[in-house]
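The values are calculated or read from the model by the stated rules, or taken from the named source; none is laboratory data. The model shown is predicted, which means the values in this text are computed figures rather than measured ones. Cβ coordinates were reconstructed from backbone atoms using ideal geometry, including for glycine residues, and neighbour counts include every protein chain displayed. Side chains included, ligands, DNA and RNA excluded: accessible areas come from the protein's heavy atoms. Shrake-Rupley method; radii C 1.70, N 1.55, O 1.52, S 1.80 Å.
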Amino acid sequence: MSGVQEALIQVENLHRVFVTDEVETHALAGIHLSIARGEYVAISGPSGCGKSTLMAILGLLDTPSEGDYWLDGRPVASLTPSERARIRNRRVGFIFQSFNLIGDLTVHQNVELPLLYRRVPSAQRRQWVQEALDRVGMSHRAKHYPAQLSGGQQQRVAAARAVVGRPAILLADEPTGNLDSNSGRAVMDMLAELHREGTTICMVTHDPRYAGYAQRTIHLFDGRIVDDDMAVQKPQDSLGGTVERRA
Amino acid sequence: MTTLWQDVRYGFRMLCKNPGFTAIALVTLAIGIGANTIMFSLVNAMLFRSVHVQDPDRLVVCKDDNLDLGYEMYTYMRDHNPVFSDLVALDRGPHAATLVWGDVSKRAHVMYVSSNYFSALGVAPARGRYFLPEEERLDAELVAVLSHRLWQCQGADPEIVGQRVSLNGMPAQVVGVAPEGFTGATLVGPELWLPLGSGMRVQYQLQEYPLPQLMGRLRPGLSMSGAQAQLQSLIPRLRENFPRSCNNHSTLSLNLLPRTVHSTQTEGDRAYLSGASLFLMGVSAVILLIACTNLANMIVIHGITRHREIAIRLAVGGSRWYVVRQLFVESLLVALLGGGLGIVLAIWCMRVLNAWVAALDPEFPLELARVLTTGLDLRVLAATLGICLTATVLFGLKPALRLSRRDVVADLKESAGGGVMSTRSTRGIMPRGLSVVFQTALSVVLVMAAVLCTRSARKAIQTNPGFDLQGKLLIEIDARAAGYDPARSVQVCEAVAEHLNALPGVQMAGLSCDGGFGGSVVEYAPGVESDTPGNLLARDPFVCPVGGEYFESMGIPLLQGRTFCRLDSVTDAEKVLIIDEPLARRLRPDANALGCLIQYGWRSLSEPHRIVGIVPTLHSALHNPEKRAHIYLPMGPKHRPAYIHLRLASDALNTEATLRQMIPAEIRKVDPYLPVLSVRTLMDCQRNDLPVWLRLMGARLSLIFGAMALFLAALGIYAVKGYMVASRTPEIGVRMALGATRRGILAMVLREGAILTLVGLCWGLLLAWAVARVAGSLLYGVSPLDPVSIAVTIVVLGLASLLASYIPARRAARVDPMAALRYE
Ligand SMILES: Nc1ncnc2c1ncn2[C@@H]1O[C@H](COP(=O)(O)OP(=O)(O)O)[C@@H](O)[C@H]1O
Ligand SMILES: [Mg+2]
């Protein structure tokens, strides 16, 4: 199956069950999904349908209760915790709804964090951080603390932190959820720019306007994929069509 | 009332819901209260415990200067003075005497007092009566009043009055028993009181009436200064009546009764006691500080974790007063429960302390330790409880007030999540980080003190006196009390020693006498008879007559020459002696002083003695603090042996206890009349030596309190680190998402803890150094900057704080990143 080898992300029959106080929640109930290198995928669906859970599993923050996951053609089930941390660090970039910048660190230090965990030498670190901040247009705020920035600016810093280590995939969980529409659009434009530069992006949003930025939209409902517009169209073709349809 | 009850119930529920918080707060309170109660009870016992006499404030000491105070003058003053309603004379006792009571013989402390002593102090006898005026006379029949404790120890015979005891061989009739707890005007009393006039017969060395010391009770309404003025009017009359004892410079002055442990207590003892008391109070203050810091932290943290609950309460219309009251009730509950635990802890510790004191050798000097066998002082307990209650409630109330003043909307928004994490909490953490530093520093001081005291006590115990203490028994006898003259005494004791020597397990038995200080020591030069200078020693040597087997029985090796033999004590034999090595070096730089002739004491009175042996010096800084030289004489017919030394065979060490018990009976087989005062191992003698014992006690106390401080500080570090980790859970989640490994997170939290610990350690060591410089005089044999103690302190504190932050760090490393990120 050549598709499996091509795909950056390949999941099959993914289940995730949470057991709390003897109540079982089937957050994910049989997900089949494959994301190719260079793709820009949007995941949407009502609150509680399992979007964040799926993102966490894709980002190796969580493990599925059942099912298989290949990242870059390698099964991840057998990885040790420290190998998973290493892959998170090198292959995955996260952007969160609430930015999650560390308040005690400056913008520069926040962006630098993944490189520190990777033990990149300091000269190279400085250069990469500079480049990442340039890409999101925040280099003039490098010495500021997150609390001194607006929400949109913080999210751009978070994006810089996510891409600074040149990850294979960028996972963004409702990156515009806490932003006003102007800042939201700016962040979306930035993501589109990153995608053009070659980053694979998987983004959760339930704002139909922003879903339109992606090439492909996956709809989740009750832990299942109920609609995947790639199922009917090739990604390349879907771009224009989706935008037209959504816009 | 019902709302209060609801508050209490709700408070209990909240405490049960946060078992960690509750446990730490309760333990902290308990230790704080317990430690302080014990400390202050001890200090109270040492410094402030009142003596059991009526109106001690009206008692004064009358000091005389340039006055040859004798018994006649005392009686004149007693009967002709406008100042005292009672004037009491007492000798500067207490004197040790051999008390024989049936077949029990022991050393007892006796005080000689005027017959009005008890009535002046205002105490009624528990049994019998006190002294009659005529019993004060020199030729009166001997009568004695027993202390309540002695009476109890000897079986509390209800028919005690009228029984006969023997004191230094003199028969005396028991006429009464003093009331329980009565110790005279000092904290520790004698075991027996005898009338002033009996001193001469019982204490061999006393001439006539013992030199009295005057204590008086001021007439009612007379002030101290008034009394002082009126007293001066007495001087001219004294000069008139006692022209030979009184001159132009004679004065009398009044002093308030000092709160002394003992009437012979010296300034030095008192300084030691007040130094030790200050030290104890300082220690308890430090523990209280650590405990309060812990409490404040716990309650503030507890309050912060409840922001949201409180915000919701306020949002749904709860009044501020309601919130304050609820938090107030909760902290009161904590304080009361903790206080209860503290009392339990204090009682238990007091029991342990009393057990230590009770385990003491009955021969323990001056019974000083028994002063400490007090129960808990209720006032102290109440005061400590009060302090802790106030502190808890204040600390509890402060966040309550602040919380209730909070901006509800901001709180709700904030806890609804979003934005930047942890900037706000940074400000909250800093003071708590500081509190970790503060607590660490304080506990460094106490741990260091504990280590130093322990090492000091070990040094004191282990000081090598120049011979092995193991397997040596010391038997104290009193041949004089048996009525033997010196020659007979030597005969009897030699027979006893010979008999003991034949016992299985005894390797060698030797004899020695009470020694004394021997004046100057000069090398004999023929023809020089006058007391010209040439003294070899800065301090008088200690001169001790010993038997021939003494050195071998003590295990003191002979460096040169020989020990004494029987012929050495024959009347017209050459006078010989054995000296110690330092003196030998004074005589001959190469210590080769055998055969030299020396004279000691007054040269004109002293015959030259030939040195026949040299032994090592007795290195016990505690027993021989001034490093006096020792001179040993052969025991002759003029000397009276006071000790029998037994050296046990090495295979008899385990039968030491049985041997000890047999010895009095074995001695009675040889001579039924010889009182055996004690049979002790040299180890016990060393341990029961007052300076050693005080240091041992100090070491134990400081260990307990050092451990308490360490435990409290570790709890504090644990609580603060735990809170820091909890409040940083989302941040930890982010770091994990960015690729931090669990080990990395663990290391991060530990590293942050280590930095605080390091800063605390540095401050603490500085502080400890300052304290040790001030309190260094309480130490023995270790420098305040003892590197071993410093190292031990650093290691102990480092380990404790590592452990205390390891648990929260592990919790941090176990954070589920997904759950952590869901918080936001
Ligand atoms: N750690 C967890 N423990 C228990 N239930 C969880 C946990 N995480 C998610 N869930 C449940 O799984 C479902 C999916 O959650 P989530 O993926 O966060 O939804 P979405 O991001 O689409 O709003 C929800 O019902 C949620 O309650
Ligand atoms: Mg979600």
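Just a few scattered comments:
- Inter-residue pairs, beta-carbon under 6 Å, first closer than 16 Å to residue B:816 by Cβ and at the interface with chain A (Cβ under 10 Å from one of its Cβ atoms) and in segment B:741-755, second small (Gly, Ala, Ser) and open to solvent by 50 Å² or more (accessible area, probe 1.4 Å), 6+ apart: B:741/A:82
- Meets criteria (open to solvent by 60 Å² or more (accessible area, probe 1.4 Å), more than 14 Å from chain A (Cβ to nearest Cβ) and more than 37 Å from the chain's Cα centre (by Cα)) for residue B:811: yes
- Candidate set: segment A:41-77, residues that are more than 16 Å from ligand 2 (Cβ to nearest atom) and among the charged types (D, E, K, R); chosen: the one nearest to residue A:192 (Cα to Cα): A:72
- Conditions (1) more than 26 Å from residue A:97 (Cα to Cα); (2) modelled with pLDDT under 85; (3) assigned to a helix (DSSP H, G or I); number of the one not met by residue B:818: (1)
- Taking the listed residues B:589, B:625, B:672, the one that is at pLDDT below 85, in the same structural domain as residue B:540 (by TED's automatic domain parsing) and outside any strand (DSSP E or B) is B:625, with no other qualifying.
- Taken as a whole, the structure places residue B:720 among residues that are among the β-branched types (Val, Ile, Thr), under 45 Å from the mean Cα position of the chain (by Cα), outside the structural domain of residue B:302 (by TED's automatic domain parsing) and more than 23 Å from residue A:62 (Cβ to Cβ).
- In the condition set (1) assigned to a strand (DSSP E or B); (2) more than 16 Å from ligand 1 (Cβ to nearest atom), residue A:203 is compliant with all but (2).
- Tabulated pairs, segment A:200-216, first closer than 18 Å to residue A:36 by Cβ, second of a type in the set (A, V, I, L, M) and open to solvent by 10 Å² or more (accessible area, probe 1.4 Å), C-beta under 6 angstrom, 6+ apart or interchain: A:213/A:192; A:215/A:239; A:216/A:230
- For segment A:65-73, the criterion of a residue being free of Cβ contacts under 8 Å to residues at least 12 places away in the same chain and within 13 Å of ligand 1 (Cβ to nearest atom) is satisfied by no position.
- Hits in segment A:27-40 - residues which are away from every other protein chain (no Cβ under 14 Å) and within 16 Å of ligand 2 (Cβ to nearest atom): A:31
- Some residue of segment A:103-121 being hydroxyl-bearing (Ser, Thr, Tyr), away from ligand 1 (no atom under 16 Å from the Cβ) and either modelled with pLDDT of 90 or more or surrounded by fewer than 24 Cβ atoms within 10 Å (Cβ to Cβ) (or both): yes
- Among residues of segment A:19-53 being assigned to a loop (DSSP other than H, G, I, E, B) and more than 9 Å from ligand 1 (Cβ to nearest atom), the one that is farthest from residue A:98 (Cα to Cα) is A:22.
- Only one of the listed residues (B:161, B:88, B:145) is β-branched (Val, Ile, Thr), open to solvent by less than 10 Å² (accessible area, probe 1.4 Å), at pLDDT 85 or above and over 13 Å from residue B:198 (Cα atoms). That residue is B:88.
- Among the residues of segment B:63-85, those identified as at pLDDT below 85, buried (at least 16 other Cβ atoms within 10 Å of the Cβ) and outside any loop (DSSP other than H, G, I, E, B) are B:64, B:67, B:71.
- Unmet requirement for residue A:145, which otherwise passes all of (1) modelled with pLDDT of 90 or more; (2) more than 16 Å from ligand 2 (Cβ to nearest atom); (3) within 29 Å of residue A:11 (Cβ to Cβ): (3)
- Residue A:16 away from ligand 2 (no atom under 14 Å from the Cβ), in contact (Cβ under 8 Å) with a residue 24 or more places away in the chain, touching a strand residue (DSSP E or B) at 6+ places or on another chain (Cβ under 8 Å) and of a type in the set (Lys, Arg): no
- Among residues of segment B:97-147 being acidic (Asp, Glu) and part of a loop (DSSP other than H, G, I, E, B), the one that is nearest to residue B:191 (Cα to Cα) is B:103.
Yes/no per residue for (1) of a type in the set (Asp, Glu); (2) touching a helix residue (DSSP H, G or I) at 6+ places or on another chain (Cβ under 9 Å):
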{"site": "A:112", "(1), (2)": "yes, yes"}
{"site": "A:133", "(1), (2)": "no, yes"}
{"site": "A:139", "(1), (2)": "no, yes"}
{"site": "A:145", "(1), (2)": "no, yes"}
{"site": "A:173", "(1), (2)": "yes, yes"}
{"site": "A:188", "(1), (2)": "no, yes"}
{"site": "A:192", "(1), (2)": "no, no"}
{"site": "A:201", "(1), (2)": "no, yes"}
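- Residue A:59 buried (at least 21 other Cβ atoms within 10 Å of the Cβ), within 16 Å of ligand 1 (Cβ to nearest atom) and farther than 28 Å from residue B:814 by Cα: no
- Residue match in segment A:179-201 (condition: open to solvent by less than 10 Å² (accessible area, probe 1.4 Å), within 14 Å of chain B (Cβ to nearest Cβ), more than 15 Å from residue A:94 (Cα to Cα) and away from ligand 2 (no atom under 16 Å from the Cβ)): no
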